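*Asks:* Provided herewith is a single structure, encoded as structure tokens, for subsequent inquiry.
The values are calculated or read from the model by the stated rules, or taken from the named source; none is laboratory data. If you're wondering where the values come from, they're calculated on a predicted model, not measured in any experiment. So basically every Cβ, Gly included, is an ideal-geometry build from the backbone, and we count neighbours across all protein chains shown.
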Ligand code: SIN
């Protein structure tokens, strides 16, 4: 392994070590400790409450009435948004089990918004054929979910390692047996665990413009790839259409719920040009095309027709006030921003990855629930459904993956899959968007990678733009030295995930869901398959 500090071995073996502290990881940790009495550790590179979950706005899509037709409609909307690549069994699990998990969260103390009768309020969002999104604090749902879970974790789990960075998985005899972590002062520790759950979130930091916090560097996905686990659907990176166009990073989000309440998208001439309630891929694509056509850096969200804006969306109101905007009178400048990694480490329906002992849940995975494009407000739901499923599988003595969910594409020989066979797919670098020279500092190289990804592998892509991005990423790869700091490790992880994403995006010569190739604008029947990427 890398680094200069001596390695210390943590003696007590845990039943479950959870990496990451968002909704997927903490839901699993609470279930394991509270319901099953397991010895559970949670390891996170920041503070416990510092997960991407906290930034989630709109809410949780779930049919709490129990009406089977309404649940089937949620299933149908999810499949429709996923553009032919969802795994129907995974989506069935998501929509059927979601309501119970929401009720458990309420039992743990999460407070969702209610109407005057005391019933949970539900909102409409893009791609949903009816209102089914519950929310908290207007558009501060993630913050409330995180608050409730953190307080439950503090009451139940055995050990919490904060400001501790998981460097790599420990693999022994073909099984994951723990992690190597790096503490605040750089000391290295081996933490043994009978089971490791990757719940490390996504990789919005691949892009220069993102709604994700600085911590979203694809660490879990990259670590799993290095350990030989199969990943898929990396080319489907979802861009949220309505991020506030403001220099702040992460970009402040103007929740999809605003459009559900009637906010309109207008171009630079004030004209509407897209149905605001289409799924995100459709809206982001239309906006990007319009921005290019009109040669503008942003468009407008007109929320002036929303009554009681400040009461319904207090957190968005104060974000806007900070930049002098009043949604009652001002149109709000918006542009798409990288938002959600739809693919990742392939799991079966119980969260088992292709490496025994390694489980995964939440944004870092490819469970098959999102396919080519995630339906709005299905991400908190995915975490709270699939995290606990991992724990139930461990408790039932499951040791490895089965051919179910997205894992079917790895284990079922009849499943149509294209295995890319490694991220180095023999591309000849064509051109470079950036000067060929790679800057020296880690931060500068991260910014170079982000700019190249945004320009060449963003909402709209072409073969040449992807190849140019490959050239930049290859330059950054060549510049990587022995990691000495967390920032060095994060950059290496971003490079690994970028390589996987680019390899899949090059191979997917069609446009589907969140992956739009301007040079291949149509859907190809032949490519209605998952592209599985494995490091050689
Ligand atoms: C939003 O409120 O628009 C974001 C929620 C999500 O990503 O599903």
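*Asks:* If you go through segment 225-239 one residue at a time, how many are more than 16 Å from the ligand (Cβ to nearest atom) and assigned to a strand (DSSP E or B)? Let's see the steps before the verdict.
*Replies:* Kept after step one, since they are more than 16 Å from the ligand (Cβ to nearest atom), are these residues of segment 225-239: 225-235.
Restricting the remaining residues to those that are assigned to a strand (DSSP E or B) gives 231-232.
Matching residues across segment 225-239 total 2.
*Asks:* Which strands (runs of 3 or more DSSP E) does segment 121-185 wholly contain that include 1 or more residues that are under 20 Å from the mean Cα position of the chain (by Cα) and touching a residue at least 24 places away in the same chain (Cβ under 8 Å)?
*Replies:* On the way: elements: 159-161, 165-172, 175-182.
Qualifying strands (runs of 3 or more DSSP E): 165-172.
*Asks:* Additional query: Taking the stated definitions as given, is residue 257 touching a residue at least 60 places away in the same chain (Cβ under 8 Å) and within 13 Å of the ligand (Cβ to nearest atom)?
*Replies:* Taking the combined requirement at face value, the residue satisfies it.
*Asks:* Turning to a different aspect of this structure: Consider residue 263 against the criteria (1) surrounded by 17 or more Cβ atoms within 10 Å (Cβ to Cβ); (2) on the phi > 0 side of the Ramachandran plot; (3) within 16 Å of the ligand (Cβ to nearest atom): it satisfies all of them except one. Which criterion is unmet?
*Replies:* (2)
*Asks:* Just to be sure, is residue 197 more than 17 Å from the chain's Cα centre (by Cα) and modelled with pLDDT of 95 or more?
*Replies:* Details: more than 17 Å from the chain's Cα centre (by Cα): no; modelled with pLDDT of 95 or more: yes.
Against the criterion (more than 17 Å from the chain's Cα centre (by Cα) and modelled with pLDDT of 95 or more), residue 197 does not qualify.
*Asks:* Of the residues that make up segment 515-536, is at least one in contact with a helix residue (DSSP H, G or I) (Cβ under 7 Å, 6 or more places away or on another chain), farther than 25 Å from residue 88 by Cβ and crowded, with 17+ Cβ neighbours inside 10 Å?
*Replies:* To start, the set of residues in segment 515-536 that are in contact with a helix residue (DSSP H, G or I) (Cβ under 7 Å, 6 or more places away or on another chain) comprises 515-516, 519, 530-533, 535.
Filter once more, so that each one left must be farther than 25 Å from residue 88 by Cβ: 519, 535.
Keeping just the survivors that are crowded, with 17+ Cβ neighbours inside 10 Å gives 535.
Yes: one or more hits.
*Asks:* Restricting attention to segment 276-302, and to residues there that are assigned to a loop (DSSP other than H, G, I, E, B) and more than 16 Å from the ligand (Cβ to nearest atom), which single residue is nearest to residue 336 (Cα to Cα)? If you could, list the steps in order and put the result at the bottom.
*Replies:* Our first condition is that a residue be assigned to a loop (DSSP other than H, G, I, E, B); within segment 276-302, this holds for 276-279, 295-298.
After this cut, where a residue has to be more than 16 Å from the ligand (Cβ to nearest atom) as well, the list is 295-298.
Values: 295: 15, 296: 13, 297: 10, 298: 9 Å.
Looking at residues that are assigned to a loop (DSSP other than H, G, I, E, B) and more than 16 Å from the ligand (Cβ to nearest atom), I get 298.
*Asks:* Kindly indicate whether residue 242 is in contact with a helix residue (DSSP H, G or I) (Cβ under 9 Å, 6 or more places away or on another chain), in a loop (DSSP other than H, G, I, E, B) and at pLDDT 95 or above. Don't jump to the end; show me each part of the working.
*Replies:* On the way: in contact with a helix residue (DSSP H, G or I) (Cβ under 9 Å, 6 or more places away or on another chain): yes; in a loop (DSSP other than H, G, I, E, B): no; at pLDDT 95 or above: yes.
Taking the combined requirement at face value, the residue does not satisfy it.
*Asks:* In segment 13-52, which residue that is over 15 Å from residue 385 (Cβ atoms) and under 16 Å from the mean Cα position of the chain (by Cα) is nearest to the ligand (Cβ to nearest atom)?
*Replies:* Of everything passing the filter in segment 13-52, 52 is nearest to the ligand (Cβ to nearest atom).
*Asks:* Which residue is nearest to the ligand (Cβ to nearest atom), if the candidates are limited to segment 53-63 and must be in a loop (DSSP other than H, G, I, E, B) and modelled with pLDDT of 95 or more? Outline the logic, then answer.
*Replies:* Initially, segment 53-63 is screened for residues in a loop (DSSP other than H, G, I, E, B), giving 56-59, 62-63.
Add one more test, that the residue is modelled with pLDDT of 95 or more, and what stays is 62-63.
Details: 62: 12, 63: 16 Å.
So the residue we want is 62.
*Asks:* Being buried (at least 23 other Cβ atoms within 10 Å of the Cβ), modelled with pLDDT under 95 and on the phi < 0 side of the Ramachandran plot is true for just one of 183, 126, 202. Which residue is that? Give the derivation first.
*Replies:* Working: 183 fails: buried (at least 23 other Cβ atoms within 10 Å of the Cβ); 202 fails: modelled with pLDDT under 95.
Result of the check over 183, 126, 202: 126.
*Asks:* So, one more: Applying the selection to segment 404-428, what residues are surrounded by fewer than 15 Cβ atoms within 10 Å (Cβ to Cβ) and at pLDDT 80 or above?
*Replies:* Once the filter is applied, which keeps residues that are surrounded by fewer than 15 Cβ atoms within 10 Å (Cβ to Cβ) and at pLDDT 80 or above, segment 404-428 yields 412, 413, 414.
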